[in-house]
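What follows is a short report on a single structure.
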Amino acid sequence: MKRLTLEEIGELAGVSRSTVSRVINGHPNISAPVRQRVEDVIRQTGYQPNSAARSLASSQSRVFGLVMPSILQSAFADPYYPLVIQAISHACNRNDYTPALFLFQTVEEEEKVSQRIVASGLIDGIIVTADTIESTFVNKIQQYDIPFVQIGRPPRSSLADVSYVDVDNEAGAYLATSHLMQLGYRRIGQLATAHNTAGADRDAGYRQALSDRGLPFDKSLIEVSDFSEAGGYGAMQALLDREPDAVFAQSDAIALGAIRAIRDRGLTVPDDIAVVGFDDMPLASSADPPLTTVRQPINRTGVLAVETLIDIVKTSPKPARHIVLPVELVIRASSGAVS
């Protein structure tokens, strides 16, 4: 009689090879219906696991995958990603896990490689950086019984099911915009981003600050950028024709591009236009002028993502963990508050 493989058991049960392996080895993070379905197939087929393979499978790989479901070039145009990757790597090493970084050049490559990542059974869990509101990768891994944590808030429709670590983006944008209004600026533009929850929350904070202080929302004062200096430069060039007296940029990289565009137009920061960023990257304090910005705890975000994933692996994915870290406004010369 032909000896069945884990893949064949999985096909009969309608699950992945890794799920079959977890059922056989008594992994706690398996839903009762899935466990029952796999056990029924095993009983009906008379499958006998290979003792050596089972012994090997019962040991964790102690490898965490870090997945960036983004086109590689656009991801590294934003200095945020190298910093959060460094924090995750250090936290993994301190906890005796090995980080494995997965990057994609194209959407097609993401589709192909992601299937291998989630179905291989070679990693204990996944950390996913959220750069789009609807992540197809997250949708895929939710179909498998593999622990994961997202950095960045998922769509509100998924909040109940997805563990995540985020910063208070809305409060940070509110602080930045309120600061500019307190300094007397009234035509406050925004260099915003699209297709990501961080950008949506920062836009909400910007709009709420205007509303709370009785300033009308003017759609013409918003330009869309990506999280890069080049994107900020182009967006600011377009916005300058509408004569803002201040600008909230949704990242420090965008803000630095905006400052360069302002200067190329023959204007100065902050005398002609004030600028506030978001992140407090290392380059913010050395910018000319030094950049007023919202400081987010990037290192702490990466560390907590790892610690949360370890907790999920050791216990259970339910209930989902929702961690939102506070931010603070760092005031420097670019907003006009410091001479």
Open item on the list: Given the condition without any contact (Cβ under 8 Å) to a residue 40 or more places away in the chain, within 30 Å of Asp311 (Cβ to Cβ) and among the hydroxyl-bearing types (Ser, Thr, Tyr), answer yes or no: does some residue in the range 157-171 qualify?
Closed with: yes
Open item on the list: Just to verify a result, which residue in the range 252-271, among those that are surrounded by fewer than 17 Cβ atoms within 10 Å (Cβ to Cβ) and either of a type in the set (A, V, I, L, M, F, W, C) or touching a Leu at 6+ places or on another chain (Cβ under 9 Å) (or both), is nearest to Ser335 (Cα to Cα)?
Closed with: Leu267
Open item on the list: Among the numbered criteria (1) assigned to a loop (DSSP other than H, G, I, E, B); (2) modelled with pLDDT of 85 or more; (3) among the hydrophobic types (A, V, I, L, M, F, W, C), which one does Leu66 miss?
Closed with: (1)
Open item on the list: If a residue must be modelled with pLDDT under 95 and exposed (fewer than 15 other Cβ atoms within 10 Å of the Cβ), how many such residues does the range 183-199 contain?
Closed with: 2
TODO: Look at Gly232 and say whether it is on the phi > 0 side of the Ramachandran plot and more than 19 Å from the chain's Cα centre (by Cα).
DONE: no
Open item on the list: Here is a check on your reading of the model: is Gly231 under 24 Å from Arg332 (Cβ atoms) and either in contact with a strand residue (DSSP E or B) (Cβ under 7 Å, 6 or more places away or on another chain) or touching a residue at least 40 places away in the same chain (Cβ under 8 Å) (or both)?
Closed with: yes
TODO: Select, from Leu304, Leu283, Leu239, the only residue that is under 21 Å from Gly199 (Cβ atoms) and modelled with pLDDT of 95 or more.
DONE: Leu239
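Every residue, every condition in (1) more than 30 Å from Tyr144 (Cα to Cα); (2) crowded, with 21+ Cβ neighbours inside 10 Å; (3) among the hydrophobic types (A, V, I, L, M, F, W, C), yes or no:
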| position | (1), (2), (3) |
| --- | --- |
| Arg207 | yes, no, no |
| Phe217 | yes, no, yes |
| Pro244 | yes, yes, no |
| Ala249 | yes, yes, yes |
| Ile273 | yes, yes, yes |
| Asp279 | yes, yes, no |
| Pro289 | yes, no, no |
| Arg300 | no, no, no |
| Ala305 | no, yes, yes |
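The values are calculated or read from the model by the stated rules, or taken from the named source; none is laboratory data. Since this is a predicted model, take the numbers as computed values, not measurements. Because the Cβ atoms are built from the backbone with ideal geometry, glycine has one as well, and the counts that use them run over all protein chains shown.
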